[in-house]
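Colleague: Sending over a structure as structure tokens; questions will come in a sec.
Only the coordinates and a few stated rules stand behind these numbers; no lab work does. Bear in mind that the values here come from a model prediction, so they are computed numbers and not experimental data. Note that we place each Cβ from the backbone using ideal geometry, even for glycine, and neighbour counts take in every protein chain shown.
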């Protein structure tokens with residue numbers, strides 16, 4: 001039984017058309033290294049000052065395309081289907097763009113975890129389930145990547161992949 005639903009943001013509820021090649025090039029300059037992938041693991045290991053620089057550059061890349069955001073119909077449909085359930089949002093996007101999206105599309109979540117909270121999707125899911133006060137096996141996570149599916153499996157929640 002599904003007692004609560006956790007949604008991913010980019011690729012699930014919205015499409016955020018970031019120029020990732022350009023953003024990664026900026027990250028490489030900041031980190032002074034060419035090999036920055038896997039990105040989340042690399043960023044997680046950075047010192048505080050460098051991580052703050054990366055997050056600022058990441059915020060800038062997201063905010064540059066804020067006016068070009070589009071809704072993902074399948075994801076938004078599920079958001080409304082589960083309107084009566086407690087809901088959380090987990091995302092590797094930053095707080096600035098998340099606020100814009102939530103306000104612009106009038107979305108409502110009981111809890112939101114961004115990259116500033118954790119760069120680990122499984123940890124984000126655990127935190128969200130705890131904040132929703134819901135056993136993890138009664139949570140449905142809606143995402144769009146294999147990484148989302150693996151995180152759901154790792155923590156033991158249900159998963160629905162959308163295109």
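Colleague: How tilted is helix 146-155 with respect to the longest principal axis of the chain? Cα atoms for both, answer in degrees (0 to 90, nearest 10).
Modeller: 60 degrees
Colleague: Which whole-number value in Å³ per residue fits the convex hull of the alpha carbons of segment 20-64?
Modeller: Convex hull of Cα atoms, per residue: 65 Å³.
Colleague: Pick from 140, 71, 89 the residue whose mean-square fluctuation is largest in a GNM of the chain, springs joining Cα atoms under 10 Å.
Modeller: Checking each option, the largest mean-square fluctuation is seen for 71.
Colleague: If we restrict to alpha carbons, what Rg and Dmax does the chain come to, in Å?
Modeller: Looking at the chain, its Cα Rg and Dmax stand at 15.6, 48 Å.
Colleague: Rounded to the nearest 0.05, what FRET efficiency do residue 44 and residue 70 give with R0 = 45 Å and r taken as the Cβ-Cβ distance? Could you check?
Modeller: 0.95
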